[in-house]
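S.K.: Can you keep this structure in mind? I'll have questions shortly.
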Amino acid sequence: MGIPEYLCKNDKPIINTFGQDELLYRRHYCIGTEVDIKDSKDTITQIFKIHDDSYNKSSLSHPLDVLLNDNPNYPKDVYLNYGVIKINVSKLLEVGLHQINNDLRKFTLAPKHIPTDCNYAHCEIHCLVDGFKAEKKPKSITTVFRLILGEMFEVVKEAS
């Protein structure tokens, strides 16, 4: 299965504006229904690693495009059994204050369009705490981001 032309970057510009109804799609390999997935902290941790998470911008792609493989070191069909989730960007932008170790901190989830040669729709969610990019530590901050994302996603396709 090849990469469709509309996903090739070529000379297309970065588009860091996101519409009110814009969605972000992400693949995962966690078996179960949406309820099963949301009820498991381990599953949420597998889906949302928080750093280097990869999503596709819905205005530039289709949900199942995240199952396409552009890595020549893996078979083309490596992700076809994976599931797909979606997150509404407007929900990301609503994230605000959360309690961390008795401190009230301002959390911001900022989607960024970061196209790659074979995936023009590629995006990342940058996590900010009190206006600064969150580091991998402390673990308490990563846990809060996972909880936030774990509450707002919906399953588009279950893994099989």
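The values are calculated or read from the model by the stated rules, or taken from the named source; none is laboratory data. Since the model is a prediction, treat every value here as computed from it, not as a measurement. In this analysis, Cβ positions are derived from the backbone assuming ideal geometry, glycine residues included, and neighbour counts consider all displayed protein chains. The accessibility values were calculated without ligands, DNA or RNA, using every heavy atom of the protein model including side chains. Shrake-Rupley method; radii C 1.70, N 1.55, O 1.52, S 1.80 Å.
S.K.: Using Cα pairs under 8 angstrom and six or more residues apart, how large is the relative contact order of region 1-150, in percent? Before the final figure, lay out each step's value.
M.R.: Working: 247 pairs, mean separation 45.2, N = 150.
Result for region 1-150 is 30 percent.
S.K.: Another question, if that's okay. Which order, highest average first, do 148-156, 13-21, 75-83 follow once you tally other Cβ atoms within 10 Å for each residue and take the mean per peptide?
M.R.: Going from most to least packed, we get 148-156, 75-83, 13-21.
S.K.: Mean shadow of region 38-93, computed from the convex hull of its alpha carbons, in nm²? The partial results should precede the final answer.
M.R.: Working: hull surface 20.9 nm².
With the hull built on Cα positions only, its mean projection is 5.2 nm².
S.K.: When Lys and Arg each count +1 and Asp and Glu each count -1, what net charge do the other residues less than 11 Å away from Asp130, Cβ to Cβ, add up to? All intermediate terms of the calculation are to be shown ahead of the outcome.
M.R.: On the way: positive: Arg105, Lys106, Lys133; negative: Asp103.
Cβ neighbours under 11 Å give a net charge of +2.
S.K.: Let me ask something else about it. I'd like the carbon and sulfur percentage of the solvent accessible area for the chain, probe radius 1.4 Å, heavy atoms only, ligands and nucleic acids excluded.
M.R.: 51
S.K.: Next question. Could you tell me the distance between the Cα centroids of region 89-160 and region 1-28, to the nearest Å?
M.R.: Going from one Cα centre to the other spans 18 Å.
S.K.: Scan region 87-160 for trypsin sites (Lys or Arg not before Pro) in coil per DSSP, keeping those whose Cβ has at most 12 other Cβ atoms within 10 Å, and list them by number.
M.R.: Here the sparse-neighbourhood loop sites are Lys136.
S.K.: Enter the angle in degrees (range 0 to 90, nearest 10) between the Cα long axis of helix 139-152 and the first principal axis of the Cα atoms of the chain, meaning the one along which they spread out most.
M.R.: Computed tilt is about 60 degrees.
S.K.: Here is a follow-up. Quick one: plug the Kirkwood hydrodynamic radius of the chain (C-alpha pairs) into Stokes-Einstein at 37 °C, 0.692 mPa s, and report D in µm²/s.
M.R.: Estimated diffusion coefficient is 200 µm²/s.
S.K.: For a protection proxy built on the mean count of beta-carbon atoms within 10 angstrom, sort 39-50, 58-69 highest first, please.
M.R.: Result, highest mean Cβ count within 10 Å first: 58-69, 39-50.
S.K.: I want to check the label-to-label distance for Leu104 and Ser140. Put each point 7 Å from Cα in the C-beta direction and report it in nm to one decimal.
M.R.: Output for this residue pair reads 1.6 nm.
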